[in-house]
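Notes follow once the structure below has been shown.
The values are calculated or read from the model by the stated rules, or taken from the named source; none is laboratory data. All of these numbers come straight from a predicted model, not from anything done at the bench. Ligands, DNA and RNA are stripped out before the accessible areas are found, and what is left, the full protein with its side chains, is counted by its heavy atoms. Shrake-Rupley method; radii C 1.70, N 1.55, O 1.52, S 1.80 Å.
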Amino acid sequence: MSKTSFSRALTAALLGLALTTAAKADTKDYEFQLVKDEAKQGEAILDVRLVDKRTSKPVPNAVIFAKRIDMAPDSMEEMTSKIEQLPSPEPGLYRFKAKLTMAGGWRLSLGAKVQGESGTVENKLVFKATK
Ligand SMILES: [Cu+2]
């Protein structure tokens, strides 16, 4: 590759990156919100609302492709636990079952695709497990 074609390729790559970032911006209009920021230690049900911040309306039928739960808020990022998605109890509300093995601060990380949007919604939500 000549120097010119290399710099052209680099420019194209950077431009592509900028476009990807710009395309992601519209998914910033969506946000996951925990219904409760506390849960009992043990087997817990976590309800999360997905809202369109422009209208405050719930967003149904999002596809959650990534979910992770860990104790990052208590400096235990490596302490993860089991989490599974359950059927939605109502449109725009997403329900999970998680094993909260320890009392303290937990972080729920979610990645989702919203119908009709090209980017992904990624949020990290913090809550507390109580004894
Ligand atoms: Cu822990």
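Observations, loosely collected:
- Accessible area per residue, Å², region 25-130 with all protein chains present, probe 1.4 Å: 55
- Accessible carbon and sulfur surface of region 25-130 relative to its total accessible area, %, 1.4 Å: 48
- Region 81-91 - phi-based ³J(HN,Hα) in whole Hz, Karplus 6.51/-1.76/1.60, Gly and Pro as x: 8, 6, 9, 9, 8, 10, x, 5, x, 7, x
- Long pairs among K28/K128; K53/K131; K57/K99; K36/K82; K57/K82, criterion Cα-Cα beyond 28 Å: K53/K131; K57/K99; K57/K82
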